[in-house]
Structures are given as C-alpha cells and as structure tokens.
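The block underneath contains the structure these notes are about, expressed in structure tokens.
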C-alpha cells in the first residue's frame, strides 16, 4: 500500500476507516492524514455517523431471563458510593477485574486450580480465584458445563448462579446475593445437589456475609446427571434453588 | 478522535450533539425518569438502584446489537454483560456533548460483538444471517417512521441500494468484515469490494446530509 496518503486517497478508504474495518497500516496512514486535514476529518466524521446510524437500525431484542439482575449486580457490588469521585475509577476497576468478569471465566480458573489443589474440601473463591485470575494468561475458554440461575424461594427473584463442571475432577461454583428477608443473613449455608434420578447429595457448607457469598468446591461423583441445586440454612430452610441445564460456555478474552 | 479505530485497538466513540432524552415506558420511580446522561453519571457512583435502571433501560438495545452480530444467544449475553461492565468502568469519562448514551453503548456492544465473533470462528457470518439483517435494517414500519424520521429515511436508502452494495455495507458495517473478507466471501476482486463499500456509504451519507432528498439515492 502506498504511503502517500492524500485527500484523494483518503476519500477512497474513508468509508472503511469510518466503519473500523481498514487494515492497520492503511489506517495508520489515514489517521496521520486526518491529523492535518480538517476537511477529511469532517468527511470521515460524517461517514462515522452513517455507520452509527446503521447499527442503530438493528432491532432490539429481549435478553434472557435474569440478565438484568446479573448485569446490574456487577457495578453495584464493586463501587461503594463514597468511593466514586474522580480518580477512583481506575482503582475500582483494578479491583473489579478479578471480580467483575463473568463467573464462567472464574470457573475456568477454578478448574485449573483444582487440578493442583484436589483434596481441599472447599475454599473461599473471593481471594483464591482472584490470584489465579491475576496470573492467568488471556485465553479463550471453552467448556461444557451445567449452569443455572439461583432463584429465591421467597420472592422468586434471581439471586445468584450455579455452575457445575462434570469433568475430572468435577467442581461446583456458587455465587449468591440474597434479597428479601434473608438479604442480611450472615452465617453458614449448605449446598445440596439434585440428580436427575432424585438423589440429593450434600456437597458442602460455606458462609454468607450480608446475604452474599461465592464458593467453589471439588465435587466427587458424576455431575453430568445433575438437575438442580439448592441452598439451605442450618435449620433446613431452603433459601434458593436452581435448575441446571447443559451449556457450552465460551469466554473470549481480550 | 472522530473516527473509529481498528478493531484490535477499539475505536474512538463518534460523538454528536444530543440532548434528546428517549424515555422508556413503564416508569416505576423517579430514578426511572432520569435522562440517560444523568443516569450514566450516577452509575459511576455504584448506586445499585441506578445500575438496575440503567441496565433495564438499555439491555434490549445492547442485546439486540450483540445478537445481530453474533447470532448466538449465549455469546450475545456475554457481550451484553461486558458492554455494561465497560459502561460502568468508563462512565466518568463519557462526554454527553459528543454523543448520545445510546450511541455510545451500541458502539461498545458492536465492537465487543465483532471481536467476540472473530475470536470464536473464522466465518464472521452465515449467508442466511446476512440476508436476514439486510431485511431488518430495511424494514420501514409506519410506527418506526413516525418515531424517527431520520432512521426511516436511512432504512429506505439502504433498501434502495443495489443488492451487492447493501451486502457489502452490512458485511462491513454490521459484521465488521474487512474489504478482503468481503471479497473472499463474495468471490469478487478486492477493488470491487472496496468500491461497493465506498459507494454504499456515499449514498447513505448523502441521505443523512440532506434528509429531504433521501429519495434521490440510487
């Protein structure tokens, strides 16, 4: 490609530049030209507007049930109001990176960790997985797993997620943020797994703080037959249940 | 910058003045009535109620873009979730003088969706998906025309494009395909692919620049 970028040449490739599909070298040359040519900047600005308008013509679609809760939970958990002023964003984001990624990615990291940590009955995901994630190289993760939204038995809202990886070793990950009368509950909860044949297996206990908690555990046996999960309080009260479905999970990482 | 960058580095958000608030139906609280820009500003404070309202207001738009590009519900959900994460992360640097929140969000969603598809598969889109997208962006139901005259004119202009130009436009503008990828997919010379993109964009630019003369596009 010629390095002689001028207005005529810019007009030829302006559309591709505006749509973001111009190869790197041509783009670099075009950008250099725009820096010194107001007319071409205006030309590309108009074309960019066309591209945006084109995307704006795409129809709206209703996201899957529970999406609103999942999407809104991430920012809400990460930035206390008193921490908001300018300058906090970067700090908050660094903190967010480990926690705000999709739990699916966390699970992939947990699976990796479990290959070297088999034997632990369970651990607090919050810290352990942060460290695993921090050292993980970006990669595209693709795993077959069982997933389900955790639904409150009181109000019926989505209050968390359950992921089960039926590999060797199998593992379970639970993320929950209770609402309603148990929103402030701090104490032990028990995770029970339901199999398609009706068996119910207690997989372990973990602690909720203020109704919130994340927990991962190596789970023995065949997890591919799981149909559901539930969380109970020590007195047997069922806090939330989940119906598990098979899914192929891919997490492209940039 | 006023242009979009390459996909690998993301693209600059194109800005345009916008003070129009497009509200949503079913208001439930005063927070629901906040203008988009104010809601985004509040999102940066980590207020959980604002986060819910923000997601509720834009989730269909964001998910729609993600679905159109990826054609995969699970991948689209991941893209949509990442879009809201980025919105929260960058809320403090958003400049309302340079563009609407809707455009800002859909641009983020579109970039993420294109990147996600590129990371996942070699073919950016299936031929039948392309025809479907051309269909939806050229639909001109009456209620849409009444709601947004400019969008209606743009739809009509896309519909009037020669089919091969419309295909090239959607491949590049929606699916983020390069001219070379379009040339390969359409089995045409690279120069022809570039010409089709350029010709289509030029006609649409004319339509937006002179809305009342949109019917002159050929």
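The values are calculated or read from the model by the stated rules, or taken from the named source; none is laboratory data. Not measured: the values here are computed from a predicted model. With ideal geometry, Cβ positions are generated from the backbone for all residues, glycine too; neighbour counts draw on all protein chains shown.
Restricting to the range A:151-190, name every residue that is in a loop (DSSP other than H, G, I, E, B) and under 15 Å from residue A:203 (Cβ atoms).
A:166, A:169
Does residue A:146 fit the bill of being modelled with pLDDT under 85, buried (at least 18 other Cβ atoms within 10 Å of the Cβ) and outside the structural domain of residue A:71 (by TED's automatic domain parsing)? Let's see the steps before the verdict.
Numbers: modelled with pLDDT under 85: yes; buried (at least 18 other Cβ atoms within 10 Å of the Cβ): yes; outside the structural domain of residue A:71 (by TED's automatic domain parsing): yes.
It is true that residue A:146 is modelled with pLDDT under 85, buried (at least 18 other Cβ atoms within 10 Å of the Cβ) and outside the structural domain of residue A:71 (by TED's automatic domain parsing).
Would it be correct to say that residue B:49 is more than 7 Å from chain A (Cβ to nearest Cβ) and not in a loop (DSSP other than H, G, I, E, B)?
So residue B:49 fits the description; yes.
Can you go through A:175, A:152, A:184 and tell me which one is free of Cβ contacts under 8 Å to residues at least 40 places away in the same chain and either over 18 Å from the mean Cα position of the chain (by Cα) or within 24 Å of residue A:67 (Cα to Cα) (or both)?
Of the residues listed, the single one that is free of Cβ contacts under 8 Å to residues at least 40 places away in the same chain and either over 18 Å from the mean Cα position of the chain (by Cα) or within 24 Å of residue A:67 (Cα to Cα) (or both) is A:184.
Please tell me if residue B:158 is within 9 Å of chain A (Cβ to nearest Cβ), modelled with pLDDT of 80 or more, in a helix (DSSP H, G or I) and over 24 Å from residue B:83 (Cβ atoms). Steps first, please.
Working: within 9 Å of chain A (Cβ to nearest Cβ): yes; modelled with pLDDT of 80 or more: yes; in a helix (DSSP H, G or I): yes; over 24 Å from residue B:83 (Cβ atoms): yes.
Here the answer is yes, as residue B:158 does meet what is asked.
Restricting attention to the range B:54-93, which residues are at the interface with chain A (Cβ under 7 Å from one of its Cβ atoms) and more than 12 Å from residue A:61 (Cβ to Cβ)?
If the condition is that a residue be at the interface with chain A (Cβ under 7 Å from one of its Cβ atoms) and more than 12 Å from residue A:61 (Cβ to Cβ), then B:55, B:56, B:74, B:75, B:78, B:81, B:84, B:85, B:88, B:89, B:92 are the ones that fit.
Looking at residue B:105, is it more than 7 Å from chain A (Cβ to nearest Cβ) and modelled with pLDDT of 90 or more? Write out each step before concluding.
Details: more than 7 Å from chain A (Cβ to nearest Cβ): yes; modelled with pLDDT of 90 or more: yes.
Criteria met by residue B:105.
Please specify each residue of the range A:35-68 satisfying the condition of being more than 7 Å from chain B (Cβ to nearest Cβ) and either closer than 30 Å to residue B:51 by Cβ or in contact (Cβ under 8 Å) with a residue 12 or more places away in the chain (or both).
Residues satisfying the conditions are A:37, A:39, A:40, A:43, A:65, A:66.
Condition test on residue B:115, is it touching a residue at least 12 places away in the same chain (Cβ under 8 Å), outside the structural domain of residue B:170 (by TED's automatic domain parsing), surrounded by fewer than 24 Cβ atoms within 10 Å (Cβ to Cβ) and within 19 Å of residue A:65 (Cβ to Cβ)?
In short, no.
Do you know which residues across the range A:24-41 are in a loop (DSSP other than H, G, I, E, B) and over 13 Å from residue A:8 (Cβ atoms)?
The answer is A:35, A:36.
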